[in-house]
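Only one structure is covered here, and it is reproduced in the block below.
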Amino acid sequence: MGARRWTAAATLVAVGAVTVAGCGMAGAGEARTDATRLRPAAATAPIRMEPTRVTPVAATTGAGVSAASAGFAPFTAPGRTLKPGSKGTEVKALQARLKELGYVPGPLDGKYGGTTQMAVWAFQKVQGIAPTSTVASRTWRALENPKAPKVLVPRGKPDRVEVNLTQQIMVLYSGGEVKLISHASSGSGIPYTEYAMWNGKRTKFTGSARTPTGDYKTTWRRSGWHRSYLGQLYNPIFFNGGIALHGALSVPLYPASHGCVRLPMNVAEILPGMLGTGVPVHVRGKFVR
């Protein structure tokens with residue numbers, strides 16, 4: 001996929017003073033919950049993506065399986081400790097291995113940046129390793145003999161999404177095989193009160209900031225930035241009223257949204273091409289702070 005610039009969506013939904021659950025009503029969304037606001041779309045850099053070719057891997061309901069039995073190719077870890085800012089062939093080997101396993105580290109450019117870091121977080125969480133930006137001996141060993149994600153819905157449809165709130169990850173299945181695994185940040189669970197200019201007047205919005213567990217299906221979507229009374233969502237794919245899978249500029253290592261499932265921007269860039277409408281979305285678990 002060539003580079004694409006993020007564009008701002010100007011779609012608005014007319015609402016009055018309301019109490020909302022999650023991100024908001026259908027067609028609505030969320031902003032970042034930290035103090036830094038979203039930058040204007042025109043000021044952002046273009047997304048650099050490579051064509052995605054993921055080697056399908058077998059899922060497991062157990063704690064883990066060997067690399068061979070899970071269908072993973074052999075891999076010999078370079079062993080050098082890596083962290084954000086590292087460069088070189090070892091970083092490129094890390095990126096290639098993550099991509100092969102279904103994670104989305106960004107371009108295979110040998111540069112340990114933010115997208116690679118979030119792919120590392122997702123991998124570590126699946127392996128039962130406390131997420132850290134450092135790739136050291138334990139993570140390298142896991143890359144040599146990785147576990148597949150635990151299946152949340154063993155009898156689920158071959159094509160489906162599973163959102164694990166406990167681990168804060170999203171897994172996309174296609175044909176019964178894992179196609180994509182991503183770091184995620186769900187609803188903070190902290191009730192909120194937000195004020196925003198809406199239809200020319202200052203309006204109060206309140207909600208629970210929860211991502212409800214349950215079984216849903218993908219519904220409508222928007223391309224690029226979609227704006228609502230709580231902010232902006234990138235390439236949102238809605239699955240539960242106003243709750244969506246979407247890209248965000250802030251996807252921290254803890255639940256931080258108003259209820260949606262935040263994804264790294266590079267994941268949100270490719271997800272619409274991999275996830276259709278009417279596909280089951282299963283949300284399970286609970287994050288323990």
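The values are calculated or read from the model by the stated rules, or taken from the named source; none is laboratory data. Nothing here was measured: the structure is a model prediction, and the numbers come from that model. Don't worry about glycine lacking a Cβ; one is built from the backbone with ideal geometry, like all the others, and counts go over all protein chains shown.
Restricting segment 107-125 to residues that are part of a loop (DSSP other than H, G, I, E, B) and without any contact (Cβ under 8 Å) to a residue 24 or more places away in the chain, which is surrounded by the most Cβ atoms within 10 Å (Cβ to Cβ)? Steps first, please.
Just the residues of segment 107-125 that are part of a loop (DSSP other than H, G, I, E, B), to begin with: 107-110, 112-113.
After this cut, where a residue has to be without any contact (Cβ under 8 Å) to a residue 24 or more places away in the chain as well, the list is 109-110.
Values: Asp109: 15, Gly110: 17.
Among them, the one singled out is Gly110.
Condition (residue is crowded, with 18+ Cβ neighbours inside 10 Å, under 21 Å from Val288 (Cα atoms) and among the acidic types (Asp, Glu)) applied to segment 148-162: is it met by at least one residue? Yes: segment 148-162 contains one or more residues that are crowded, with 18+ Cβ neighbours inside 10 Å, under 21 Å from Val288 (Cα atoms) and among the acidic types (Asp, Glu). Listed by first and then second residue, the pairs with beta-carbon distance under 6 Å, at least 6 apart or on different chains, first residue in segment 149-169 and within 11 Å of Arg284 (Cβ to Cβ) and part of a loop (DSSP other than H, G, I, E, B), second polar (S, T, N, Q) and modelled with pLDDT of 95 or more, are Leu165/Ser186. Can you tell me which residue in segment 83-106 is surrounded by the fewest Cβ atoms within 10 Å (Cβ to Cβ), limited to those that are among the β-branched types (Val, Ile, Thr) and over 19 Å from the mean Cα position of the chain (by Cα)? Per the criteria, the residue is Thr89. For segment 183-289, the strands (runs of 3 or more DSSP E) that sit wholly inside it and include 3 or more residues that are basic (Lys, Arg) and over 25 Å from Thr166 (Cα atoms) are 201-207. Tell me whether segment 173-193 contains one or more residues that are in contact with a Lys or Arg (Cβ under 8 Å, 6 or more places away or on another chain), within 30 Å of Lys87 (Cβ to Cβ) and of a type in the set (Val, Ile, Thr). Within segment 173-193 (the criterion being in contact with a Lys or Arg (Cβ under 8 Å, 6 or more places away or on another chain), within 30 Å of Lys87 (Cβ to Cβ) and of a type in the set (Val, Ile, Thr)), the answer is no, since none of the residues qualifies. In the set (1) touching a residue at least 12 places away in the same chain (Cβ under 8 Å); (2) out of contact with any Pro (no Cβ under 7 Å at 6 or more places or on another chain); (3) more than 21 Å from Gly102 (Cα to Cα), Ala142 fails one condition alone, (3).
Candidates are the residues of segment 209-265 that are farther than 25 Å from Arg289 by Cα and touching a helix residue (DSSP H, G or I) at 6+ places or on another chain (Cβ under 8 Å); the one that is surrounded by the most Cβ atoms within 10 Å (Cβ to Cβ) is Tyr234. Of all the criteria given as (1) within 22 Å of Phe287 (Cβ to Cβ); (2) modelled with pLDDT of 95 or more, the one not satisfied by Ser223 is (1).
The requirement of being under 21 Å from Phe123 (Cβ atoms), in contact (Cβ under 8 Å) with a residue 60 or more places away in the chain and over 13 Å from the mean Cα position of the chain (by Cα) is satisfied by Arg284.
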